[in-house]
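See structure below.
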Amino acid sequence: MQGPQRSPVAVRFAGFRLDLRSGELQLEDSKPVRLPDQPFRILRTLIERPGEVVTREELRKCLWPNDTIVEFEHSISAAMNRLRQALDDSAESPRFIETLARRGYRFIVPVQFEEAQLPAPAPAPAVAVTSSESLVGQTASHYRVLQMLGGGGMGVVYKAQDTRLNRAVALKFLPVEMAHDEAALERFRREAQAASALNHPNICTIYDVGEIPVDAGNGSDAQRFIAMEFLDGQTLEHRISGKPLPLDEILELATEIADALSAAHAQGIIHRDIKAANVFVTKLGHAKVLDFGLAKLAGSEAPDYRSSLGTAPAIGGMAPITLMGRAMGTPTYMSPEQARAEVLDARADLFSFGVVLYQMATGVLPFRGETPDDVTQAILNRVPELPANLNPKVPIRLQEIILKALEKDRKFRYQSAAEIRTDLQRLKRGMGSEQPSSMVTVTTTQKPEIPTKKNWARRKWVLAAVVAVIFGARVFWFLESHRPPSLPAEAFVSSPASSATEIPEPAHSPKSDGGGGRANASPARNGGKALTVGYKITSAIQASVRTRVVDLSSAYDVTGIYTEGVRFSSEFGLDRIGTAFPAEVLGSKTVWDGVMFSFGPPNAPDVVTSRTITLPTGKFDALKMLATAVEGNQESQVSTIIYADGTSSSFSQSFSDWYTPQEFSGESDAVVTPYRVDGDGGRDDRTFHLYGYSFPLESKKAVKSIILPRNQNVLVFAMVLARGSATVGAAGSSGGPAQNTR
């Protein structure tokens, strides 16, 4: 017959006895001391493996198996210090726990376990004060604790009943290790006050703060808690559970999260721990951002944090404060600047939000590793796999939004949560307006039409219209056959920037919505290749127009044209995600609006953004440029012409994104390519657009320079100054009204 099972109930070492059931540590002939939860777990883990190295990562998994902690490095060190105090030990001269740099800890004294038959003996008599592990049934202030909902290194969350207002609330108890840090407690109270000032439907509401006595070993401490809105549903992390969400749900939740972040940032509050576990999805499908009570106020004078984006004052005139430690945040969601412990601003939240977006779209995290160091290296140095590679259903525009949010350099990242929200809303609107191609064609069955007097009258009108069209076509053919001979396309020759070249204007430009004549036909009409179209030009117009090429080579700062097969990193692509125009299709020259434009050399900087460009000296009627936008449409971008006399003219022009057909007045296609090239050697087989724009100048003034829009998502490929009777023409309506500055 098998004997009763036995299990260790205590362990002895160097005069100490640790009760493994109650967590009490007792030195011989001394009163037992109950260890706080985290020091007890660390000690138990160490003594179970005496003489072996226990890594900090193993301790982290022991303390926070669900990855709910945000500052585990700080918390492990704090818990270890508390444990060493209880053992009268030190890191410099260890008697029990040895620290191994960059590896972990080791228990260096022999241990002896005590065993007892199961069932275990009756527990020790209850004490007057309670521990964080036995709060169910207790009353904290006017809240009756009902059940535990979850826990981690930053505390345990319970469901409770507000006995005054008769409503369900959630109580989050912070670690007892903070009980002796008065400065941290004061910061916590004031931070909770700041978070409670956020009144937003997508932010979990903070109701109250309070405290409850807890046994910490040497007497009693007050354990603080936050009372907050009780939510019914599940965290976004559980909602994802390793699988991508439907697109409509992604856009709905992401828009609400962005709106919540925008509201918090407007109040100067930076979350610093945006992650899927801190976003709650209610049963009605709405997002609630959690844990703003542990956030940071922008503008803090603390050395670890200072905002450079906003000037919003601290709420209620409070000095900006934070809860504890540096580099707050979960490692897999940290921004690069957060991982480097640099000064942070609201854009750190936007990077973390990008990680959440990636996770919603693919079901996995973009930056992964076996250890926190591996994750940090991935965040700092590695480009995440394209979301569409993991989930082919991800729209290219959503992928671009995600990758922009994950820019490692924050100046290339979204600059505000409102920007992300706008792009998400625009994508949501576009997805809602699109229909599958199978829904476009509708077949109907109609009965044969019976001839009536009305039908015969209608058919007479149709017949008359057909005759008129045929007559007009014959007249047009006659006029065209008697037009003077046209110049071939080869007659268009670009000249150096230092000399003026006569470039004739077209007598008849093809129609385009933007006003400028199209210099390239659709690739679909030319076997998938971009087609340069020549114009029919009269000698009179040719003699009346002159142009001057603007040399941009000294200002090139982006590479937008690559030869197929050349590999390049995402940092050097046109849109900073590793894509560019194909040099083979774009060519070295093109004609738009009767003007020849030359492109910079491929595989090297050949595009200009956000610069002031010196213009050739002279008086001109128009400035024409080839440009496009990336990262979505860039609306109402201002360019400013500076004249030699010190005056200026400003133009507001909206630029369409290169992957969408033109959407704004004042622009027209200059080049349409049937694909773009990727840095890994692949293709994106959609059409991409380079647009032409023309800005009218004050012809009686000599030009000096042009200030391009201060927006790195507006990219200029080429620029020409023109003067003559037809230089502005239809395309010259671009840019909207000029605003003159004297």
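The values are calculated or read from the model by the stated rules, or taken from the named source; none is laboratory data. What you see is a predicted model, and the numbers here were worked out from it, not measured in a lab. Cβ: placed from backbone, ideal geometry, glycine included. Neighbour counts: every protein chain shown.
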Going through (1) farther than 18 Å from Arg421 by Cα; (2) surrounded by fewer than 24 Cβ atoms within 10 Å (Cβ to Cβ); (3) modelled with pLDDT under 65 one by one, Ala277 fails only at (3)
Hits in the range 582-604 - residues which are surrounded by fewer than 17 Cβ atoms within 10 Å (Cβ to Cβ) and either more than 30 Å from Ala644 (Cβ to Cβ) or at pLDDT below 90 (or both): Glu584, Gly587, Ser588, Pro601, Asn603, Ala604
Could we say that Ser649 is modelled with pLDDT under 90 and not aliphatic (A, V, I, L, M) here? yes
So how many residues does the range 163-211 have that are among the basic types (Lys, Arg) and at pLDDT below 85? 4
Scanning the range 557-609 residue by residue, the ones that are over 26 Å from Leu406 (Cα atoms) and among the charged types (D, E, K, R) total 4
Strands (runs of 3 or more DSSP E) fully within the range 47-123 counting 1 or more residues that are at pLDDT below 75: 112-117
If we only count strands (runs of 3 or more DSSP E) wholly inside the range 230-292, which ones have 2 or more residues that are in contact (Cβ under 8 Å) with a residue 60 or more places away in the chain? 279-282, 287-289
Might you let me know whether the range 690-704 holds any residue that is in the same structural domain as Ser598 (by TED's automatic domain parsing), closer than 21 Å to Val585 by Cβ, at pLDDT 85 or above and not aromatic (Phe, Trp, Tyr)? yes
Return yes when Ser734 is surrounded by 20 or more Cβ atoms within 10 Å (Cβ to Cβ), farther than 20 Å from Arg576 by Cα, outside the structural domain of Asp409 (by TED's automatic domain parsing) and at pLDDT below 85 and no when it is not. yes
Whether any residue in the range 340-360 is among the charged types (D, E, K, R), under 24 Å from Pro244 (Cα atoms) and touching a residue at least 40 places away in the same chain (Cβ under 8 Å) is what I want to check. yes
Specify the residue that is farthest from the chain's Cα centre (by Cα); the eligible residues are those in the range 361-377 that are part of a helix (DSSP H, G or I) and touching a residue at least 12 places away in the same chain (Cβ under 8 Å). Pro372
Of the residues that make up the range 375-387, is at least one crowded, with 19+ Cβ neighbours inside 10 Å, of a type in the set (S, T, N, Q) and in contact with a Leu (Cβ under 8 Å, 6 or more places away or on another chain)? no
Of all residues in the range 316-345 being part of a loop (DSSP other than H, G, I, E, B) and charged (D, E, K, R), the one that is modelled with the highest pLDDT: Asp345
Looking at the range 584-593, is at least one residue within 24 Å of Val638 (Cα to Cα) and part of a loop (DSSP other than H, G, I, E, B)? yes
Quick one: in the range 212-236, which of the residues that are surrounded by fewer than 17 Cβ atoms within 10 Å (Cβ to Cβ) and of a type in the set (Gly, Ala, Ser) is modelled with the highest pLDDT? Gly233
Which of (1) modelled with pLDDT of 90 or more; (2) in contact with a Pro (Cβ under 7 Å, 6 or more places away or on another chain) is the odd one out, the single condition Leu715 does not satisfy? (2)
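Restricting to the range 652-665, and then to whatever is assigned to a loop (DSSP other than H, G, I, E, B) and at pLDDT 90 or above, can you tell me which residue is farthest from Ser588 (Cα to Cα)?
Selected residue: Ser656.
Would the range 399-408 turn up any residue that is over 24 Å from Gly679 (Cα atoms), assigned to a helix (DSSP H, G or I) and either of a type in the set (Val, Ile, Thr) or at pLDDT below 90 (or both)?
no
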Which of the residues belonging to the range 672-689 are in contact (Cβ under 8 Å) with a residue 12 or more places away in the chain and not in a strand (DSSP E or B)? Pro674, Tyr675, Gly679, Asp680, Gly681, Arg686, Thr687
With the first residue restricted to the range 36-48 and required to be in the same structural domain as Leu63 (by TED's automatic domain parsing) and farther than 16 Å from Asp88 by Cβ, and the second required to be in a helix (DSSP H, G or I) and basic (Lys, Arg), Cβ contacts under 8 Å at 6 or more apart or on different chains are Pro36/Arg82; Gln38/Arg82
